[in-house]
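Undergrad: Can you read through this structure? Questions will come right after.
Readers should treat all values here as calculations from the given coordinates under stated rules, not as data from a laboratory. In this text, all values refer to a predicted model and were calculated from it rather than measured experimentally. A quick note on method: Cβ atoms are made from the backbone with ideal geometry, for glycine too, and the neighbour counts reach across all protein chains shown.
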Amino acid sequence: MKARAILVVVLLLAAALGAGAWWWTQRAAPASGGAIVLHGNVDIRQVDLAFNSAGRVTQMLAREGERVDKGQLLAMLDTQRLRQVEAQAAAQVAAQGEGVARLEAGSRPEEIAKARADAEAARVDAANAARSYARLRDLAAKHFVPQQQADDAGAAAEGAAARLKSAREALRLVVLGPRKEDIAAARATLAANEAALEVARRDLAEAELRAPSAGVIESRVLEPGDMASPQKPAYTLALTDPLWVRVYVPETDLGRIRPGGVAEISTDSRAGMRHRGWVGYISPTAEFTPKSVETREVRTTLVYQVRVFVCAPAEGLRLGMPATVSIEPDQPAPAQGGRAPDPCKSGA
C-alpha cells in the first residue's frame, strides 16, 4: 500500500515537470515560420527635471502628456536680479579691459614731453640756485652779507639739485613705461572679472529649463509663482528616444540571435500593427527569470536580457506597455571586415 502511494506521487511529479517543460518550450518556441517569439515590456525611462538654481518660477510652458524635443524650453525663473548681476560684471570687465590696454600701450608722447619739460625746468632752477649760493658765499666771506643768508642760499641750491634729480628719474620712468608686474596683475584682475561675468551668464542661462532629450511630459510638479530649487523637480520627463522593448531569451535560443538582427514588435492594443526593430543589446550574463515574467514553474530558469530597439517609435507604443517580439533565428552575420546593413532600412 505504501509502495503504491509512493508510485502515485512520483507519477504526479513527473507529470507536473513535463507540463512545466512543455509550457516553457511552447512559450519560447519558434512561431509560424520558425520565428523566435519573446514577450516583454516597452522599457520605462524617466528623468526628473529641476532647475540648477533657486528662484521663483515665472513660466511653465509644457503640459502633461505633451511631446517635447531635445533643447525645447520648458520653464523659466525670474531673471531680473540675475540680469543686474550680469550687467555689473560686464561693466567691471569693460573697465578693467581699458586699464589693461592703457598699461600695455605705455606712456603717451605727450606725457614723455611733459616729463622732459619738467626735468629741464628743474635743471634751470638748480643752476640758478647754485649761482646764487656762490655769490652769497663770496659776499659772506667778505662780511658784506650775513652768513645766515649764505647758508639759506646753500640750502636752496641743495633742494633745487634734489628736485632736478627727481625730475630726471621721473622722466626715465615715463620713458620706460609701466612695470611688467603691474601689467601682469592687471591682466589677472581682468581674467577674474571675465570669469565672474561667465558665471553670471551661466546663472542667467540656468534660469531656463530645457528638455535634455526628446520625450513626453509625464507630470508637471511646479506652477508659476512656486519657488524652485535643485532639489525640487519641475517636471518628470518620460524618455522616448531611443525606444526599446526589454525581453528575456532562454539559453537554448541565445545562439540563434545576434546584435543587429531584424525584429518585429507588436502589442495587444493594436494587434494588426507591427513595428520594425533590431536587436541592440544582449546581456553578457545570465539572470533568474525577472518577477515581471516569473511563474511558479520557471522561478529558477536562467535567461538573458535582450533590448530590441524600435526603428521609428510610433504612437502605438507607450512606456511600460506589454509587447511581443518576433525574431527570425539564425540571421546571417556580416562578412568579416564588412559593414553590417542598417536593420531599419534592410528588407525583411
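Undergrad: Averaging over all projection directions, find the projected area of the Cα convex hull of the stretch 84-202 and quote it in nm² with one decimal place. Walk me through the intermediate numbers first.
TA: Values: hull surface 41.6 nm².
Mean orientational projected area (the stretch 84-202, Cα hull): 10.4 nm².
Undergrad: Given a Förster distance of 51 Å, report the FRET efficiency between MET227 and ILE112 from their Cβ-Cβ distance, rounded to the nearest 0.05. Don't skip to the end; give the middle numbers.
TA: Values: r = 60 Å, r/R0 = 1.19.
With a Förster radius of 51 Å, E is 0.25.
Undergrad: If you average the sequence gap of Cα pairs under 8 Å that are 6 or more apart and divide by the length of the stretch 52-108, what percent do you get for the contact order? Working shown, then result.
TA: Details: 23 pairs, mean separation 17.4, N = 57.
Contact order relative to length: 31 percent.
Undergrad: Roughly what would the spin-label model give for ALA127 and ALA185, points 7 Å off Cα along C-beta, in nm?
TA: 3.9 nm
Undergrad: Multiply the residue gap between HIS143 and ILE44 by 0.36 nm, knock off their C-alpha separation, and tell me the result in nm, one decimal place.
TA: On the way: separation 99, 0.36 × 99 = 35.64 nm, distance 11.52 nm.
Difference between extended and current length: 24.1 nm.
Undergrad: Shifting gears a bit: Go ahead and collect, in residue order, the members of the stretch 86-115 whose backbone nitrogen is under 11 Å from a label point 7 Å along the Cα-Cβ direction of ARG201.
TA: Zone members listed by number: 90.
Undergrad: In percent, how large is the relative contact order of the stretch 84-202, given Cα pairs closer than 8 Å and 6 or more residues apart?
TA: Relative contact order of the stretch 84-202: 48 percent.
Undergrad: Let me ask something additional. Is the stretch 157-236 rounded, prolate or oblate when judged by the Cα gyration tensor, a ≥ b ≥ c being the square roots of its eigenvalues, rounded requiring a/c under 1.5 and prolate requiring a/b larger than b/c? The partial results should precede the final answer.
TA: On the way: a/c = 9.01, a/b = 4.80, b/c = 1.88.
It comes out prolate by the Cα gyration axes.
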